[in-house]
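Sharing a structure, written as structure tokens. Questions coming.
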């Protein structure tokens, strides 16, 4: 993110600071999305269809965010989380409507990528909890994409 | 937003070598749902084929019965065009389930024409072409992906034009058509597991909340108010923890059929 900021700052010398900040915020979430999609790539070959819609934002270290999503019994889902901050450590976990951990044991976490796998036992709403566990940045952009088959 | 297709290009053939790693920190087995609910982000409305796929796994569905290619009415009110566009895109997913090439191609053209009428055609032209090409080559997964991209691009263009409410109506139109077909299929051959796919209380609340914020559309387009009222009727039928009965499925089918018919027909 620092690199992008430096590049953007050089190019934006004559732009209003507010506009530059807006562009930066958009760009960074998009960057995070590209990493989330990178994590999804191997699964596409296994027949998962990745949605175009995604969630994104920024979090401080040790902060969490919840996403609520409708899932259907009979499908299988993966949620992939990514950030452009390479030294960040992020995680994603899935809970059912009662707050019980509902993900499969092959869910994983590796530095600035993480993924959670669920084969829903019931149709309904689930909570997907994204967290920035560690990060050298004050705010870390994140993006969450999902796929199903 | 960086498109998925571009990501593949960026990555080239360098396969991303993920090794599955054990989770370092212990994962809490439970969370306090009440606490979490206060900071929850917006839902992403499921694609119609998410539910159709789940339905298919319960037994063969004759999707051809549900294919619709009527051109529908030509509306001038933007909220009505947005609802219709969502419904037509959902029809595209149904035609893909049925692997009906002529229907998919016709729907691709219809989507372009509707997008033109709300000034977002340029954002979807390439996807509409890809839908038609994919149908010709019977690459159904590609067509599904392009239908998703089409809807996403239309909604993104609307958001950029500060037409977020129209964008929400596109999703609502698609959800209503998808639910109409889901209930029709389950109604025809009732299975509890099929009826369970209707258990979508948060989505219903999501749409109700959005419609609440559209008083100007309700005045301009009475259909929006009718849909809002109908969702209130649907909520108790699919929102409880009880199993969804055949009667409830039938009732939801009646409601969504009535609404979808109003979406495609000039009143």
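The values are calculated or read from the model by the stated rules, or taken from the named source; none is laboratory data. Predicted, not measured: the structure shown is a model, and the values here were computed from it. Cβ atoms come from the backbone with ideal geometry, glycine included; neighbour counts cover every protein chain shown.
Considering only the stretch B:162-181, I want to know if a residue exists there that is touching a helix residue (DSSP H, G or I) at 6+ places or on another chain (Cβ under 6 Å), more than 22 Å from residue B:258 (Cβ to Cβ) and away from chain A (no Cβ under 14 Å).
Yes - at least one qualifying residue is present in the stretch B:162-181.
Separate question: Would you check which residues across the stretch A:129-149 are facing chain B (nearest Cβ under 8 Å) and assigned to a strand (DSSP E or B) and list them?
Correct list: A:129, A:133, A:146, A:148.
If you don't mind, there's one more thing I want to ask. Just to be sure, is residue B:244 surrounded by 16 or more Cβ atoms within 10 Å (Cβ to Cβ), within 25 Å of residue A:126 (Cα to Cα), within 14 Å of chain A (Cβ to nearest Cβ) and under 20 Å from the mean Cα position of the chain (by Cα)?
Here the answer is no, as residue B:244 does not meet what is asked.
Collect the residues in the stretch A:98-113 that are more than 8 Å from chain B (Cβ to nearest Cβ), more than 13 Å from residue A:76 (Cα to Cα) and free of Cβ contacts under 8 Å to residues at least 24 places away in the same chain, keeping them in residue-number order.
If the condition is that a residue be more than 8 Å from chain B (Cβ to nearest Cβ), more than 13 Å from residue A:76 (Cα to Cα) and free of Cβ contacts under 8 Å to residues at least 24 places away in the same chain, then A:105 is the only one that fits.
Residues being within 22 Å of residue B:45 (Cα to Cα) and in contact with a helix residue (DSSP H, G or I) (Cβ under 8 Å, 6 or more places away or on another chain): count how many of those fall in the stretch A:59-100.
15
Among the residues of the stretch B:183-217, what is the count of those that are within 12 Å of chain A (Cβ to nearest Cβ) and free of Cβ contacts under 8 Å to residues at least 40 places away in the same chain?
Looking only at that region, the number is 5.
Hey, among the residues in the stretch A:35-52 that are out of contact with any helix residue (DSSP H, G or I) (no Cβ under 9 Å at 6 or more places or on another chain) and surrounded by fewer than 22 Cβ atoms within 10 Å (Cβ to Cβ), which one's nearest to the other protein chains (Cβ to nearest Cβ)?
So the residue we want is A:42.
Pairs, please: C-beta under 8 Å, at least 6 apart or cross-chain, first residue at positive phi and in the stretch B:70-98, second outside any helix (DSSP H, G or I)?
Within 8 Å, the pairs are B:72/B:265.
Report yes if residue B:129 is assigned to a helix (DSSP H, G or I), out of contact with any helix residue (DSSP H, G or I) (no Cβ under 6 Å at 6 or more places or on another chain) and either at pLDDT 95 or above or under 13 Å from residue B:104 (Cα atoms) (or both), otherwise no.
Judged against the criteria, residue B:129 is a match.
Report, by residue number, each residue of the stretch A:83-112 that is in a strand (DSSP E or B) and surrounded by fewer than 18 Cβ atoms within 10 Å (Cβ to Cβ).
Matches in the stretch A:83-112: A:100, A:101, A:110.
When you go through (1) modelled with pLDDT under 95; (2) buried (at least 18 other Cβ atoms within 10 Å of the Cβ); (3) farther than 22 Å from residue A:67 by Cα one by one for residue B:204, which number turns out not to apply?
(3)
Out of all the residues in the stretch A:114-128, which are within 9 Å of another protein chain (Cβ to nearest Cβ), assigned to a strand (DSSP E or B) and surrounded by fewer than 23 Cβ atoms within 10 Å (Cβ to Cβ)?
Within the stretch A:114-128, A:124, A:125, A:127 qualify.
So in the stretch A:53-73, with the set limited to residues that are part of a loop (DSSP other than H, G, I, E, B) and either more than 8 Å from chain B (Cβ to nearest Cβ) or at pLDDT below 95 (or both), which one is surrounded by the most Cβ atoms within 10 Å (Cβ to Cβ)?
A:54
Just to check your reading of the model, which residue among A:83, A:123 is modelled with pLDDT of 95 or more, over 29 Å from residue B:235 (Cβ atoms) and in contact with a strand residue (DSSP E or B) (Cβ under 9 Å, 6 or more places away or on another chain)?
After applying the criteria, what remains is A:83.
Kindly state which helices (runs of 4 or more DSSP H) lie completely within the stretch B:23-125 and contain at least 1 residues that are more than 13 Å from every other protein chain (Cβ to nearest Cβ) and crowded, with 22+ Cβ neighbours inside 10 Å.
Counting at least 1 such residues, we get B:78-97, B:101-117.
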